[in-house]
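A short reminder: the numbers here are calculations on the coordinates, not readings from a lab. Only a predicted model underlies this, so the values are computations on that prediction, with no experimental measurement involved. Here the Cβ is made from the backbone with ideal geometry for all residues, glycine too, and neighbour counts use every protein chain on show.
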Amino acid sequence: MSNVIKCLIIGSGPAGYTSAIYTSRANLSPVLYEGIEPGGQLTTTTEVENFPGYPESVTGVEMMEDMKKQAQRFGADIRFGIVTAVDLSERPFKVTIDDSKTLLTESVIIATGATAKYLGLESEQKFRGMGVSACATCDGFFYRKKDVAVVGGGDTACEEASYLASICNKVYLIVRKDFLRASQAMQDRVLANPKIEVLFQHNSKEVLGDDGGVTGMLLTNEKSEEVKINIDGLFLAIGHTPNTQLFKDVITLDPEGYIITEAGTSKTNIEGVFAAGDVQDPHYRQAITAAGSGCIAALDCERFLLNNL
């Protein structure tokens, strides 16, 4: 069946593009659909300084464009479009694009990523990439010796606050409730750190800034009084939502909605379907780990097709 695609890749961040590079070099003629946000989360990041091979740093948009061109150089068919439905009940799998076109494919690599949760403030969106970030390990370096704030009360928020405290002048941890949800060890670490000030029962009202970026934040306390803090950077640590709505009834997910893969592999519970990047990684969420898992998915996919075609 010449009209059946060998490998369909859903998603276009570091995981998707790396999968495309490896599968195209293996002569699998992959087809990649970029989805609603070509380039993925990384395109909302300004400078990327921690990806190997870019000694002078690179913007997220440029890096994703480089990866895309590299995949296309080896013959990957990269298309603009959104996968709107999947039928993984039998091979070849059926995948619907933009609610209108159905494709058949022998294998699928899911690299749809995860979306950071934001507060929903208009001012927050205005300063995304200009002081507002959802990844301290990605962007914290730009705020050395400056004052920053982290919003959240769980383990991730405490980890990010602790990390930022190691490089920043001061860290405000903004917590809606009157307690931290983090593990006791993380709570102890945060509360003992003199550079971290925990603002319990404070809600975020507005992100303040100018043409140069974030300059402060307006909060309300438990008495509904307005409190202003002066900061240069704001980090959201209120969780991520994996982009797995399409697969929730057919692929095994963890309680948070991340795809569960077989340990040490990219294999899902469906033979011939693989997952890579943030969609199956609730822990690290880095471009380099996403790219690495994209490589793993491509190699797993190649072996599967060798044995099944």
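Summary table below
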quantity: Whole-angstrom Cα spans of the range 39-174 along principal axes, big to small; calculated: 55, 34, 26
quantity: Vicinal HN-Hα couplings computed from phi for the range 295-309 (Karplus, 6.51 cos²θ - 1.76 cosθ + 1.60; Hz; Gly/Pro x); calculated: 4, 4, 4, 5, 5, 4, 5, 4, 5, 4, 5, 4, 8, 10, 10
quantity: Prolate/oblate/rounded call for the range 92-166, Cα gyration tensor, a/c under 1.5 rounded; calculated: prolate
quantity: Charge dipole magnitude, Cβ of K and R +1, D and E -1 - the range 206-258, Cα centre, debye nearest 20; calculated: 160
quantity: Burial ranking of peptide ranges 53-60, 251-258, 199-206 (average Cβ count within 10 Å, highest at the top); calculated: 199-206, 251-258, 53-60
quantity: Cysteines (scope the chain) whose Cβ has no counterpart Cys Cβ under 4.7 Å; calculated: 7, 158, 168, 295, 301
quantity: Set of lysines with alpha-carbon distance to residue 6 below 29 Å, sequence-local pairs under 8 removed; calculated: 68, 69, 94, 101, 248, 267
quantity: Local electrostatic count, residue 68, Cβ distance below 14 Å [Lys/Arg +1, Asp/Glu -1]; calculated: -3
quantity: 5 angstrom amide H check on residue 172, placed H, neighbours 5+ away; calculated: 148, 149, 150, 197
quantity: Global form of the chain, assessed from the alpha-carbon gyration tensor, a/c cut-off 1.5; calculated: prolate
quantity: Considering only the chain, percent of DSSP beta bridges that pair antiparallel, nearest 5; calculated: 50
quantity: Candidate lysines - alpha carbon under 25 Å from residue 195, same-chain residues fewer than 8 apart omitted; calculated: 145, 146, 170, 177, 205, 228
quantity: Ellipticity estimate at 222 nm from DSSP helix runs (n ≥ 4, -39,500 (n - 2.57)) divided over the chain, nearest 500; calculated: -7500 deg cm²/dmol
quantity: Nonlocal amide H pairs with residue 84, under 5 Å, H built at 1.01 Å; calculated: 96, 97, 98, 99
quantity: Total charge dipole magnitude, the range 118-236, about the Cα centre, Cβ charges on Lys, Arg, Asp, Glu only, Debye to nearest 20; calculated: 220
quantity: Global form of the range 118-236, assessed from the alpha-carbon gyration tensor, a/c cut-off 1.5; calculated: oblate
quantity: Nearest 10 degrees, 0 to 90: helix 60-73 Cα axis against the chain principal axis; calculated: 10
quantity: Equivalent-ellipsoid semi-axes of the range 1-107, from the Cα gyration tensor, Å, largest first; calculated: 28, 15, 9
quantity: For the range 139-150, 3J(HN,Hα) per residue [Karplus equation, 6.51 cos²θ - 1.76 cosθ + 1.60, θ = phi - 60°, Hz, x = Gly/Pro]; calculated: 10, x, 4, 6, 10, 4, 6, 10, 9, 9, 10, 10
quantity: Neighbour net charge for residue 176 - beta-carbon separation under 14 angstrom, K R +1, D E -1; calculated: +2
quantity: Beta bridges per DSSP with both ends in the range 5-111, % antiparallel, nearest 5; calculated: 50
quantity: Simple Cβ-charge dipole of the chain, Lys/Arg +1 and Asp/Glu -1, about Cα centre, in debye nearest 20; calculated: 260
quantity: Net charge of neighbours whose Cβ lies under 15 Å from the Cβ of residue 248, counting Lys and Arg as +1 and Asp and Glu as -1; calculated: -4
quantity: Charge dipole of the chain about the Cα centre (unit charges at C-beta), most positive-ward option of 186, 24, 250; calculated: 24
